[in-house]
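Q: Got a structure for you, written out below as structure tokens; questions coming shortly.
The values are calculated or read from the model by the stated rules, or taken from the named source; none is laboratory data. As the structure is a prediction and not an experimental result, all values here were calculated from the model. Note: ideal-geometry Cβ built from the backbone for every residue, glycine included; neighbour counts use all protein chains shown.
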Amino acid sequence: MPYLPEVKTEALRTLPGVKELLEAVADRPGTYLVGGAVRDLMLGFAQFDYDLMVEGDAGEVAELLADRIGGTVKRHPRFLTANFRSTDGSLSIDVASARTETYSEPGALPEVEPADLEHDLVRRDFTVNAMALAIWRERFGELFEFPDASADLLARVLRVTHDRSFIDDPTRLLRLLRYGARLGFTAEPHTEELARAAVEAGAPSTVSGGRIRDELLDLLAERSAVVGVESMYALGLDRALHPKFDADEYVVARATNEQVDGLRQELLLLALCSRAMDEPTLAEWLDHLKLPRRDADIVAEAVVRGATLLPELAASESNAAVDSLLRPLHAETIVFALALPGGDRETADLARLWLTERSGGKLEISGADLRDAGVGEGPIIGRALAETLEATLNGEISGREAQLSFALTQARSDV
Ligand code: CTP
């Protein structure tokens, strides 16, 4: 197993909660940081979503964390994993035993068997996620990698670790687009070919709606979601998910250009790409995705009300009429309407003005503040900002500092 001994680990020690984490596992050989945290550390990004891989029992390491830091442990023996959550909710760490995975049928959840580190790296999605950093004292900082993983990271390339990857787990098609959008990495030609073949073979239909939802919303929550949406269309993945799901980069770009506080971007974009569906088809699709009731209501309202909103607004004859039309609606519905082609500019500006006045610049933090504090990209950011705006509008908090601390608490308890 090749390893590169000189990874810069100083940055790791400064991340929230890591000092305690390292103390807890210092005497536990075979404990590694894996996946996105290692990738991002090498790219120089902060993360506070730590995944650990251990040779041996994941539950035992989660218990070490609980003893040292204080908190609770949940074991998932069927998957050889455990989760540790600190008492104050600020740290949530997934621990997995090194394993092999076999798929009884395409798209099914895997059967897992304990294995060594080498096999554990092979079973992962992309080489850039197949690196493990030793974090126990004796071998602290040694990096173990799937062959050429760090070379792929330097070359900014996404490469599957084996040819069946997208067939075994078609959610990786969405992950491919997400990492492409977020990191600006490109799929190497053979991986691209395998992705195309998996879409053409109908692989996405073998996965449960709930698993599609998680990855789809993560993709749509990216700051550069428009890049992912464009690739989704190019790959034909949108229509493979649902014949009426249309990854329309133009409306998505228009929506993401609107500057509106506290929006759930992923729900807004889901609504825009689902806008060709009639009401019953939309309800079935959201049900298939197992979208929580509250989120499904936001999407359905946007699709059903958004299409006719600007003409209705244009016909409103007083400020009171504008207010009573827009106030009951989610902000996502209003931005949905603004993103559709063909609205007249004056009415659109009226809607924008109303949105600005509604939040009144009350949110003094942005997604960038949360990212700087180590919150990874994803729907967590939108949810935390939306909760913070609501708490501010309700008078529960005020001022930038209180908002930042409220939003970080929300984000950290939402992993
Ligand atoms: N993984 C995988 N296939 C999947 C999901 C996850 O191989 N369908 C592996 C990858 O090695 C990934 C790790 O499990 O790095 C953890 O998954 P996740 O927490 O979803 O991603 P992160 O590594 O944290 O990366 P991100 O920054 O995208 O959250």
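Q: Working only within the stretch 159-218, note down all residues that are more than 15 Å from the ligand (Cβ to nearest atom), polar (S, T, N, Q) and over 17 Å from T127 (Cα atoms).
A: S205
Q: Let me ask another. Out of the stretch 192-207, which residues are under 13 Å from P106 (Cα atoms) and touching a Ser or Thr at 6+ places or on another chain (Cβ under 8 Å)?
A: The answer is V207, and nothing else.
Q: When you scan the stretch 25-49, how many residues do you find that are among the hydrophobic types (A, V, I, L, M, F, W, C), part of a helix (DSSP H, G or I) and modelled with pLDDT under 95?
A: 5
Q: Collect the residues in the stretch 60-92 that are modelled with pLDDT under 95, of a type in the set (A, V, I, L, M) and under 21 Å from the mean Cα position of the chain (by Cα), keeping them in residue-number order.
A: L91 - this is the single residue of the stretch 60-92 that is modelled with pLDDT under 95, of a type in the set (A, V, I, L, M) and under 21 Å from the mean Cα position of the chain (by Cα).
Q: I would also like to ask the following. Looking at the stretch 42-78, which of its residues are within 11 Å of the ligand (Cβ to nearest atom) and within 22 Å of D414 (Cβ to Cβ)?
A: Result: F45, Q47, F48, D49, Y50, D51, L52.
Q: Would you check if D148 is over 30 Å from A26 (Cβ atoms), within 15 Å of the ligand (Cβ to nearest atom) and either touching a Lys or Arg at 6+ places or on another chain (Cβ under 6 Å) or in contact (Cβ under 8 Å) with a residue 12 or more places away in the chain (or both)?
A: The answer is no for D148.
Q: Every residue in the stretch 160-194 that is in a loop (DSSP other than H, G, I, E, B) and in contact with a Gly (Cβ under 9 Å, 6 or more places away or on another chain), please.
A: D169, P170
Q: Another one. With the requirement that a residue be of a type in the set (S, T, N, Q) and assigned to a helix (DSSP H, G or I), what does the stretch 197-213 give you?
A: Those that are of a type in the set (S, T, N, Q) and assigned to a helix (DSSP H, G or I): S205, T206.
Q: I would also like to ask the following. For the stretch 86-145, which fully contained strands (runs of 3 or more DSSP E) count at least 3 residues that are within 13 Å of the ligand (Cβ to nearest atom) and in contact (Cβ under 8 Å) with a residue 40 or more places away in the chain?
A: 92-97, 131-134
Q: So, L52, is that one closer than 19 Å to R13 by Cα and part of a strand (DSSP E or B) or not?
A: Against the criterion (closer than 19 Å to R13 by Cα and part of a strand (DSSP E or B)), L52 qualifies.
Q: Among (1) in contact with a Phe, Trp or Tyr (Cβ under 7 Å, 6 or more places away or on another chain); (2) buried (at least 19 other Cβ atoms within 10 Å of the Cβ); (3) over 29 Å from S231 (Cβ atoms), there is one condition L309 misses while meeting the rest; what is its number?
A: Just one mismatch for L309, condition (1).
Q: Scan the stretch 239-247 and tell me whether some residue there is within 12 Å of the ligand (Cβ to nearest atom) and either at positive phi or modelled with pLDDT of 95 or more (or both).
A: no
Listed here are the residues, each with its yes/no results for (1) closer than 30 Å to V375 by Cα; (2) over 21 Å from the mean Cα position of the chain (by Cα).
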residue	(1), (2)
F144	yes, yes
D163	no, yes
D169	yes, no
T191	yes, yes
A197	no, yes
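Q: Just one of E266, E258, E230 is more than 20 Å from I381 (Cα to Cα), touching a helix residue (DSSP H, G or I) at 6+ places or on another chain (Cβ under 6 Å) and of a type in the set (D, E, K, R); which is it?
A: Testing whether each residue is more than 20 Å from I381 (Cα to Cα), touching a helix residue (DSSP H, G or I) at 6+ places or on another chain (Cβ under 6 Å) and of a type in the set (D, E, K, R) leaves just E230.
Q: Follow-up question, since we're still on this one. Would you say A151 is under 30 Å from D295 (Cα atoms) and either part of a helix (DSSP H, G or I) or among the hydroxyl-bearing types (S, T, Y) (or both)?
A: So A151 does not fit the description; no.
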